[in-house]
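J.: Dropping the structure in here first, questions after.
Bear in mind these aren't lab numbers, they're just calculated from the coordinates by the rules spelled out. In this text, all values refer to a predicted model and were calculated from it rather than measured experimentally. Positions of Cβ are backbone-derived with ideal geometry, glycine not excepted, and every protein chain shown enters the neighbour counts.
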There are 2 protein chains.
Amino acid sequence: VRTLKLTLEYDGGAYVGWQRQAEGVSIQGLLEEALHRIEGGPVTVHGAGRTDAGVHALGQTASFQLAHALDVDALRRALNATLPGDVRVTAVEEAPPGFHARFSARAKTYRYLIANAEFASPFERNYVWCIPHPLDAAAMADAAAAIAGTHDFAAFQNTGGAVESTVRTLLTSIVQVDDGGRSIVYEVTGDGFLRQMVRTIVGTLVEVGAGRRPAGSLLETVESRDRSRAGPTAPAQGLFLVAVHYDAM
Amino acid sequence: VRTLKLTLEYDGGAYVGWQRQAEGVSIQGLLEEALHRIEGGPVTVHGAGRTDAGVHALGQTASFQLAHALDVDALRRALNATLPGDVRVTAVEEAPPGFHARFSARAKTYRYLIANAEFASPFERNYVWCIPHPLDAAAMADAAAAIAGTHDFAAFQNTGGAVESTVRTLLTSIVQVDDGGRSIVYEVTGDGFLRQMVRTIVGTLVEVGAGRRPAGSLLETVESRDRSRAGPTAPAQGLFLVAVHYDAM
């Protein structure tokens with residue numbers, strides 16, 4: 001039995017999220033069905049990030065075990081021939097025994113796109129949160145930088161997460177401006193993320209940008225450990241899982 | 001009565017094209033209905049380019065006459081509040097009496113996107129022609145440059161056009177490579193275009209890129225005036241009307 005690692009890109013708009021659900025189509029479900037056909041038996045696929053409904057991926061990773069001897073390039077092509085066009089396998093690699101996409105991951109990078117404009121372009125409308133009122137991106141950048149490091153992020157966790165510890169380390173937490181100020185990009189790399197944590201951070205950063213809370217207050221919000229002190233959860237469609245980081249295999 | 005000029009961006013994927021048809025939703029129809037509601041009576045909208053079903057626009061223009069006194073910014077916002085998110089009015093301007101989006105246009109710029117890759121990214125899959133076999137972009141660039149200038153382009157016109165002359169001038173005709181060779185972009189500016197002319201040029205350039213016809217043969221193809229000598233019509237979804245050029249108003 002081989003252990004394999006997949007890298008995936010997907011437009012999450014049409015899906016219930018990474019994880020199999022009782023109803024609706026999941027990315028995990030699509031992959032498991034495609035692999036079942038190749039293997040001739042059930043295959044369980046583990047994803048690094050359990051992206052929610054509507055969240056996109058540029059570099060999701062997944063692992064599974066396979067008895068079939070198909071080489072990695074043929075496997076990539078076979079999966080892409082079966083999967084719908086909004087889910088693409090960008091790489092298949094042999095992984096060492098025991099490799100697990102989620103448990104072996106050292107860190108993940110997420111990106112959130114805000115169109116700070118009267119309207120979103122037709123071509124990006126499904127991939128941004130469009131905010132028509134002016135945002136102070138410099139204040140948002142200060143607030144984002146302030147929460148980098150190791151903290152208890154319980155205030156930024158939505159209900160439904162069931163983790164033992166809510167302490168996480170954000171290695172980078174950066175707001176940048178693109179396209180002459182029209183696009184505001186939040187990029188965050190951390191050793192792990194609580195349920196909807198990135199979207200809750202973004203919802204809070206937008207309140208900073210709108211002048212509804214001071215940039216300097218974000219660390220206090222973290223320290224409160226009180227979800228009601230943080231901002232709203234930003235919409236799923238602006239969020240991308242960009243990359244999952246591992247030790248060299 | 002005022003004469004007004006609109007600039008539009010749209011994702012053509014869901015539409016039968018610019019022009020009203022017996023069946024299906026057209027961009028012209030959407031605009032005329034939205035303006036009817038504002039004006040309280042019928043408004044005829046003239047588009048600069050009658051983009052086909054599935055063709056996109058980054059800078060389509062249109063003109064119409066309006067009795068209503070609503071200022072241009074309020075008109076833009078009112079139209080965008082009514083139109084679906086895949087059609088956006090980027091500008092509304094007062095135009096001189098007699099201005100006509102199509103007849104007053106001096107030139108138009110189109111862009112065609114080719115993903116020369118095993119598969120198109122989920123995020124660009126509806127906006128490119130994906131060609132998995134290798135293309136010689138340098139040969140395509142030579143062929144594209146060879147047809148710049150004034151020629152009879154009858155060989156590149158699909159049936160259904162009913163124009164008196166098939167002579168057109170291409171001011172620029174350029175193939176460029178992006179994204180490490182993964183993306184091939186054809187951009188063409190001309191004083192006018194015959195029916196599906198850009199897509200037929202692209203279909204022919206791809207045959208050059210695939211080595212199925214020499215780059216030096218394109219001018220002969222033009223001179224033949226024979227549609228059967230040119231290549232296939234490239235798919236609509238890779239084509240964008242980028243801009244329409246006018247004399248200063």
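J.: So, in region A:94-147, how many residues would count as being buried (at least 20 other Cβ atoms within 10 Å of the Cβ), farther than 20 Å from A:GLN176 by Cα and of a type in the set (D, E, K, R)?
T.: 0
J.: Identify, from the list B:THR82, B:THR90, B:THR109, the residue that is in contact with a strand residue (DSSP E or B) (Cβ under 6 Å, 6 or more places away or on another chain) and within 14 Å of chain A (Cβ to nearest Cβ).
T.: Matching residue, one of B:THR82, B:THR90, B:THR109: B:THR90.
J.: Is it the case that region B:132-144 has a residue that's in contact with a Lys or Arg (Cβ under 9 Å, 6 or more places away or on another chain) and closer than 12 Å to B:LEU205 by Cα?
T.: yes
J.: Suppose we keep only residues that are out of contact with any helix residue (DSSP H, G or I) (no Cβ under 8 Å at 6 or more places or on another chain) and surrounded by 15 or more Cβ atoms within 10 Å (Cβ to Cβ) within region A:20-32. Which one would you say is farthest from the other protein chains (Cβ to nearest Cβ)?
T.: A:GLU32
J.: Look through A:LEU135, A:LEU170, A:LEU241, A:LEU194 and report the one residue that is among the hydrophobic types (A, V, I, L, M, F, W, C), in contact with a strand residue (DSSP E or B) (Cβ under 8 Å, 6 or more places away or on another chain) and free of Cβ contacts under 8 Å to residues at least 24 places away in the same chain.
T.: Selected residue: A:LEU170, the only one of A:LEU135, A:LEU170, A:LEU241, A:LEU194 that is among the hydrophobic types (A, V, I, L, M, F, W, C), in contact with a strand residue (DSSP E or B) (Cβ under 8 Å, 6 or more places away or on another chain) and free of Cβ contacts under 8 Å to residues at least 24 places away in the same chain.
J.: Scan B:ARG199, B:ARG195, B:ARG229, B:ARG212 and give me the residue that is surrounded by 14 or more Cβ atoms within 10 Å (Cβ to Cβ) and over 14 Å from the mean Cα position of the chain (by Cα).
T.: Numbers: B:ARG199 fails: over 14 Å from the mean Cα position of the chain (by Cα); B:ARG195 fails: over 14 Å from the mean Cα position of the chain (by Cα); B:ARG212 fails: surrounded by 14 or more Cβ atoms within 10 Å (Cβ to Cβ).
After applying the criteria, what remains is B:ARG229.
J.: Hey, another quick one. If I filter region B:27-52 down to residues being without any contact (Cβ under 8 Å) to a residue 60 or more places away in the chain and assigned to a loop (DSSP other than H, G, I, E, B), which single residue comes out as farthest from B:MET197 (Cα to Cα)? So that I can check it myself, show each step before the final result.
T.: Of the residues in region B:27-52, the ones without any contact (Cβ under 8 Å) to a residue 60 or more places away in the chain are B:28-47, B:50.
Still in the running and assigned to a loop (DSSP other than H, G, I, E, B): B:40-45, B:50.
Numbers: B:GLY40: 38, B:GLY41: 36, B:PRO42: 33, B:VAL43: 30, B:THR44: 27, B:VAL45: 24, B:ARG50: 12 Å.
Looking at the filtered set, the residue picked out is B:GLY40.
J.: Within region A:7-19, can you find the residues that are more than 14 Å from chain B (Cβ to nearest Cβ) and crowded, with 16+ Cβ neighbours inside 10 Å?
T.: A:VAL16, A:GLY17, A:TRP18
J.: Are there any pairs with C-beta distances below 8 angstrom linking a residue in region A:1-25 that is farther than 25 Å from A:GLU93 by Cα to a residue that is in a strand (DSSP E or B), with the two at least 6 apart or on different chains, and if so which?
T.: A:GLY13/A:HIS56
J.: Filter region B:66-79 for residues that are touching a residue at least 12 places away in the same chain (Cβ under 8 Å) and within 12 Å of chain A (Cβ to nearest Cβ) and give the result.
T.: B:ASP73, B:ARG76, B:LEU79
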